[in-house]
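Below is one structure, written out as structure tokens; comments come after it.
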Amino acid sequence: MSIATFLEGHKWFREYDDDGAGKLTKAKIGGPREVGGVFSPKQTVYCVTAELIMTNRNPLLTLWATHSDLQAVVEFRPGENGTQRIKGTIYKVGAHSGFAPCGSFKYTPFPELEMLRAKRRHALGRADS
């Protein structure tokens with residue numbers, strides 16, 4: 001749930017549609033995978049993909065876009081006193097190749113992310129049908 005909460009709060013994952021609460025569908029998560037080690041500290045990485053449906057398009061901002069395919073790389077890095085820090089990078093698939101290792105992850109549905117977005121949409125009075 002910490003990954004879903006982190007992403008839902010990330011401005012780049014919200015985009016600019018529907019007050020930052022565009023409808024999310026097809027959310028999937030892959031991981032964990034340990035990366036690093038020889039020249040950099042080991043960290044745990046997850047990859048998340050989702051489709052953001054543009055439901056209230058602003059013609060000045062979106063022009064022809066009806067959806068955005070997003071990819072997030074979420075890293076858990078060692079912090080102070082044995083804690084972990086969370087860091088994420090968001091990519092628009094197609095506009096950027098994304099994080100190459102994410103292509104080899106095995107993905108499973110990520111309903112927690114969709115539920116958090118639906119909850120926020122509901123609080124803003126947005127229909128989720």
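Please treat every number below as a calculation from the coordinates, not as lab data. In this text the structure is predicted, and so the values were computed from the model without any measurement. All Cβ positions, even for glycine, are placed from backbone atoms using ideal geometry, and neighbour counts span all protein chains on display.
At a glance:
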item	result
Residues 49, 89, 83, sorted so that the one with the fewest Cβ neighbours within 10 Å comes first	83, 89, 49
Order of 73, 48, 38 - criterion: other Cβ atoms within 10 Å of each residue's Cβ, fewest first	38, 73, 48
Likely footprinting exposure, 119, 28, fewest C-beta neighbours within 10 Å first	119, 28
Segment residue 12-residue 118, extension gain: residue separation times 0.36 nm, minus the distance between their alpha carbons	36.4 nm
